[in-house]
Amino acid sequence: MPIIEVEHLTKEYRLGAMQGLKQALRNAAARLTDRTVTERPLFKALDDVSFSIEPGEVVGIIGHNGAGKSTLLKILAGISKPTAGRMRVEGRIAPLIEVGAGFVPDFTGRENVYLNGSIMGLPRREIDRKFDEIVDFAEMAEFIDTPVKRYSSGMQVKLAFAVATSIASEILIVDEVLAVGDLAFQRKCFDRMEDLIKRQGRTVLLVSHNIRQVERICHRVLLMDHGHVAADGLPSEICTRFYSENDEKIKRQSAHAARAREQTTGDVENARVELIDDAGNVTDRLHFGESARIRLSFDTRIPLVNPTFGIGIHTTDFLYLATENTHERFQGMTLPVGHHTLEMTIPVFPFLPGAYSVRVGINSGELSHVRYYAESLATFRVLIPGQRIRGNMKEGFVSLAPQWALY
């Protein structure tokens, strides 16, 4: 039997600022005299959403900003009411939806722990028993008797997460807030969530823009789009679809992004990158395991003495994956003013399926001055030629191409 059932859920908001008392009185007078009152348009944050979740499922909810993810979680947590539709939730919910949500700023951390625990249905005796564990996990012993209004957002997240995950609830709702904490605490939270999922069998709803995290820990993913559930299925399939749908948007933005991240002295102009596949065609689709070339064309306004070229590949969220440069290959050379082309050949392209971008740097002179640098000069996808993607090709960025031996 599902632990959560959602049927035809709709949530509408009136666009625009809230009306003041003066305007409200004017509108009321206009209605009494049968005059037309111009209403601001309605916006559907959720539009006829239906799904069910079984006990113990870990469900990721992804989508663009404004897709309705947080609105959905707030309704499930009882923080907001739907405009139409119905939902059924069996069991206690521990929500972790907004930084500091449910905290009273003037109360100390200690007082807020007891307040939040009480709101979530814990008797004081149970909170007493768990209090030291909560404070220890949150690393807040030094500040627990300080008013929460003096906490940083990261400190509030630590305490809120410790409270929410210490309560014996059947359902844990987490909305993006873990990204606020420091890296060590994010790792700590991730480990606790894995413990809740694998050992305690909690039902978890996770909203996150960290798609790799969603793929790793979720059993199932909902893709939200403009208030609708656009897709519902296995994490690998839904996350791949989400990546694919964002490709065109990334490509449209890549030229602007490159210029926004461009650093140049003006000595190098009109830099352009092209990807060339194994068949010699200019493309934005490369195949894993085949040869590929990256072609850089550019104009020089001055002679470049001892030029050095660097070409790198990064993810669309700017995680640098690989960089190669010419080192001393062109030392002793002077590149004259004019148009030039540089090609880098990669005999076996090692990157696994996904979206990637190219960055370029050009230095010259005895002190190796940076003449030009830009990221996202070209964005491309990597595909697998003529075969299905194996399970290991969904994890990480490169293949190690190993040789195996079993004795």
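If the condition is being part of a loop (DSSP other than H, G, I, E, B), farther than 19 Å from E54 by Cβ and either open to solvent by less than 40 Å² (accessible area, probe 1.4 Å) or of a type in the set (D, E, K, R) (or both), then the stretch 198-214 contributes only S208.
Kindly provide the set of residues from the stretch 125-150 that are surrounded by 11 or more Cβ atoms within 10 Å (Cβ to Cβ) and either more than 27 Å from A184 (Cβ to Cβ) or basic (K, R) (or both), ordered by number. If the condition is that a residue be surrounded by 11 or more Cβ atoms within 10 Å (Cβ to Cβ) and either more than 27 Å from A184 (Cβ to Cβ) or basic (K, R) (or both), then E126, D128, R129, K130, K149, R150 are the ones that fit.
Would you check which residues across the stretch 296-306 are in contact with an Asp or Glu (Cβ under 8 Å, 6 or more places away or on another chain) and surrounded by fewer than 17 Cβ atoms within 10 Å (Cβ to Cβ) and list them?
Narrowing the stretch 296-306 to residues in contact with an Asp or Glu (Cβ under 8 Å, 6 or more places away or on another chain): 296-302, 304-306.
Across the stretch 296-306, the qualifying residues are S297, D299, R301, I302, V305.
Could you tell me whether any residue of the stretch 307-328 is touching a strand residue (DSSP E or B) at 6+ places or on another chain (Cβ under 9 Å), small (G, A, S) and either open to solvent by 50 Å² or more (accessible area, probe 1.4 Å) or more than 27 Å from G280 (Cβ to Cβ) (or both)? Within the stretch 307-328 (the criterion being touching a strand residue (DSSP E or B) at 6+ places or on another chain (Cβ under 9 Å), small (G, A, S) and either open to solvent by 50 Å² or more (accessible area, probe 1.4 Å) or more than 27 Å from G280 (Cβ to Cβ) (or both)), the answer is no, since none of the residues qualifies. Applying a threshold of 8 Å to beta carbon distances and a minimum spacing of six or more residues, or different chains, the list of pairs starting in the stretch 1-13 at a residue that is on the phi > 0 side of the Ramachandran plot and ending at one that is in a strand (DSSP E or B) and not small (G, A, S) reads H8/D48; H8/V49; H8/R86. Would you check which residues across the stretch 270-288 are in a strand (DSSP E or B), out of contact with any Ser or Thr (no Cβ under 8 Å at 6 or more places or on another chain) and open to solvent by 30 Å² or more (accessible area, probe 1.4 Å) and list them? Result: V282, T283, R285, H287. Selection within the stretch 49-93: residues that are more than 20 Å from I119 (Cα to Cα) and among the acidic types (D, E). The member of this set that is most open to solvent (accessible area, probe 1.4 Å) is E54.
Which one of these does V337 not meet: (1) within 26 Å of A279 (Cα to Cα); (2) open to solvent by 60 Å² or more (accessible area, probe 1.4 Å); (3) in contact (Cβ under 8 Å) with a residue 12 or more places away in the chain? Of the numbered conditions (1) within 26 Å of A279 (Cα to Cα); (2) open to solvent by 60 Å² or more (accessible area, probe 1.4 Å); (3) in contact (Cβ under 8 Å) with a residue 12 or more places away in the chain, the odd one out for V337 is (1). V348 meets all of the listed conditions (1) at pLDDT 90 or above; (2) farther than 17 Å from R293 by Cβ; (3) open to solvent by 90 Å² or more (accessible area, probe 1.4 Å) but one, namely (2).
Only one of the numbered conditions (1) at negative phi; (2) open to solvent by less than 30 Å² (accessible area, probe 1.4 Å) is not met by R359, and that is (2).
Does the stretch 86-93 contain any residue that is among the charged types (D, E, K, R), in a loop (DSSP other than H, G, I, E, B) and at pLDDT 85 or above? Walk me through how you get there before you give the answer.
Applying the first criterion (among the charged types (D, E, K, R)) to the stretch 86-93 yields 86, 88, 90, 92.
With the extra rule that they be in a loop (DSSP other than H, G, I, E, B), the set shrinks to 90, 92.
Filter once more, so that each one left must be at pLDDT 85 or above: 90.
Yes, there is a match, as at least one residue in the stretch 86-93 is among the charged types (D, E, K, R), in a loop (DSSP other than H, G, I, E, B) and at pLDDT 85 or above.
Residue count for the stretch 273-321 satisfying the condition of being farther than 18 Å from P353 by Cβ, in contact (Cβ under 8 Å) with a residue 60 or more places away in the chain and within 29 Å of the chain's Cα centre (by Cα): 3.
The values are calculated or read from the model by the stated rules, or taken from the named source; none is laboratory data. On a predicted model such as this, the values are computed, not experimentally measured, just so you know. With ideal geometry, Cβ positions are generated from the backbone for all residues, glycine too; neighbour counts draw on all protein chains shown. Surface areas here come from the heavy atoms of the whole protein model, side chains and all, with no ligands, DNA or RNA. Shrake-Rupley method; radii C 1.70, N 1.55, O 1.52, S 1.80 Å.
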